[in-house]
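Structure, as structure tokens:
The values are calculated or read from the model by the stated rules, or taken from the named source; none is laboratory data. Owing to the predicted nature of the structure, the values given are computational and were not obtained by experimental measurement. So basically every Cβ, Gly included, is an ideal-geometry build from the backbone, and we count neighbours across all protein chains shown.
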Amino acid sequence: MRKQLIIKIAIAALVVAIAVASIIIYKKTQNPVADVGGGVTVELVSLDGETQSKQLDFEEGDTLVDILLDNYEVNYEETEYGFLLLGIDGIQTDFTSTYIAVYINGEYSNYGLSSILLEEGSLYSFRETKV
Amino acid sequence: MRKGRFKTSELTLLAMLTAILFVQETLLSSIPNIQFSVLLIMVYAATLGIPKAMLVMTVHVLLDNIIWGSLNPLTACPMWLGWFILILIGFALRKTPLPAIVAGSVLGSIIYCLCFALFNYLFMDINIIAYLTADIIFEILMCCSSVVTVMFLYRPAEKLINMYYSKYVNKEE
């Protein structure tokens with residue numbers, strides 16, 4: 001009986017350690033920072049197709065969120081899932097009828113803004129999209 | 001009592017069990033995938049049988065989605081399917097030793113997560129590899145919480161529900 005309990009506690013400790021390690025890894029991957037400095041293009045596309053483009057420089061340790069906050073008027077919320085972009089300059093969404101979709105080099109991003117890594121020469125498009 | 005009708009005490013017990021399932025999930029919703037839901041659904045399947053466990057689970061899924069997801073079928077359907085498969089696993093393993101039930105809870109947790117991946121892949125045209133890669137951490141967390149809760153609380157919870165069942169429901173015969 002006592003032996004069984006010890007085995008259970010040992011397994012539980014191992015499982016909790018795995019869970020804690022997973023949370024730490026998750027937290028680290030949530031906010032990936034640039035390894036080196038560089039330049040990217042950021043594009044804002046409204047529902048009617050009007051496009052504004054900017055060349056932006058970033059430094060080592062910067063994130064996509066950092067350069068957006070530094071260069072645009074950003075309306076956002078910090079949620080448990082990360083940074084939720086509601087508006088950027090002229091594009092404002094309510095996240096119910098429209099939202100801002102992020103495309104990286106023309107491909108729809110499956111990750112949230114907080115998880116996107118800045119990469120030299122990349123094009124980040126923020127497109128106002130109907131839900 | 002006519003066949004197919006619930007006794008008052010049984011209906012009350014099922015309502016209480018549904019409330020426990022829903023409240024614990026709501027309370028723990030701020031911690032991703034740390035939950036007692038897998039434990040509870042497996043215990044319900046083992047003690048109540050498949051039809052009653054499905055009734056509790058369906059009410060829970062409806063409540064959860066009405067409150068948190070506006071009944072979005074992309075959330076409600078995989079959630080229902082995932083819990084349904086877990087009920088089948090829980091029922092099939094009800095007479096097996098605890099390690100098998102713990103293994104079943106891990107399998108059920110993985111299948112539950114994969115149900116969401118499948119629905120998103122079929123209806124949202126997502127990149128399935130990117131989805132699964134991003135989901136691994138959450139699957140690990142769900143498996144971990146399932147292992148710990150089932151390992152320590154499955155037998156006591158099973159005993160408790162059986163005790164209430166024989167004390168209040170069977171007594172009403």
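Here are some notes:
- Among the residues making up segment A:44-74, those that are in a helix (DSSP H, G or I) and buried (at least 18 other Cβ atoms within 10 Å of the Cβ) are A:Leu64, A:Val65, A:Ile67, A:Leu68.
- Scan of segment B:1-15 for residues that are buried (at least 17 other Cβ atoms within 10 Å of the Cβ) and not aliphatic (A, V, I, L, M), ordered by number: B:Glu10
- Number of residues in segment B:100-135 that are modelled with pLDDT of 95 or more and within 11 Å of chain A (Cβ to nearest Cβ): the value is 2.
- When A:Ile23 is tested against (1) of a type outside the set (Asp, Glu); (2) at the interface with chain B (Cβ under 9 Å from one of its Cβ atoms); (3) within 25 Å of A:Asp94 (Cα to Cα), only condition (3) is not met.
- Residue within segment B:77-96 that is within 14 Å of chain A (Cβ to nearest Cβ) and either at pLDDT 95 or above or in a helix (DSSP H, G or I) (or both) present: no
- Segment A:78-102 - residue that is over 13 Å from the mean Cα position of the chain (by Cα) and among the hydroxyl-bearing types (Ser, Thr, Tyr) and, of those, surrounded by the most Cβ atoms within 10 Å (Cβ to Cβ): A:Thr93
- Filter result for A:Val15 (at negative phi, facing chain B (nearest Cβ under 9 Å) and modelled with pLDDT of 90 or more): yes
- Residue list for segment B:16-74, filter: within 14 Å of chain A (Cβ to nearest Cβ) and either surrounded by 15 or more Cβ atoms within 10 Å (Cβ to Cβ) or farther than 27 Å from B:Ile137 by Cα (or both): B:Leu28, B:Pro32, B:Asn33, B:Ile34, B:Gln35, B:Val38, B:Leu39
- For segment A:62-84, the tally of residues that are among the hydrophobic types (A, V, I, L, M, F, W, C), in contact (Cβ under 8 Å) with a residue 40 or more places away in the chain and within 30 Å of B:Leu28 (Cβ to Cβ) stands at 1.
- Meets criteria (under 28 Å from B:Ile137 (Cα atoms), buried (at least 17 other Cβ atoms within 10 Å of the Cβ) and out of contact with any His (no Cβ under 6 Å at 6 or more places or on another chain)) for A:Leu113: yes
- Identity of the residue in segment B:136-164, within 15 Å of the chain's Cα centre (by Cα) and among the hydrophobic types (A, V, I, L, M, F, W, C), that ends up nearest to the other protein chains (Cβ to nearest Cβ): B:Val147
- When residues of segment A:116-131 are limited to those that are surrounded by fewer than 18 Cβ atoms within 10 Å (Cβ to Cβ) and of a type outside the set (A, V, I, L, M, F, W, C), the one farthest from A:Asn31 (Cα to Cα): A:Lys130
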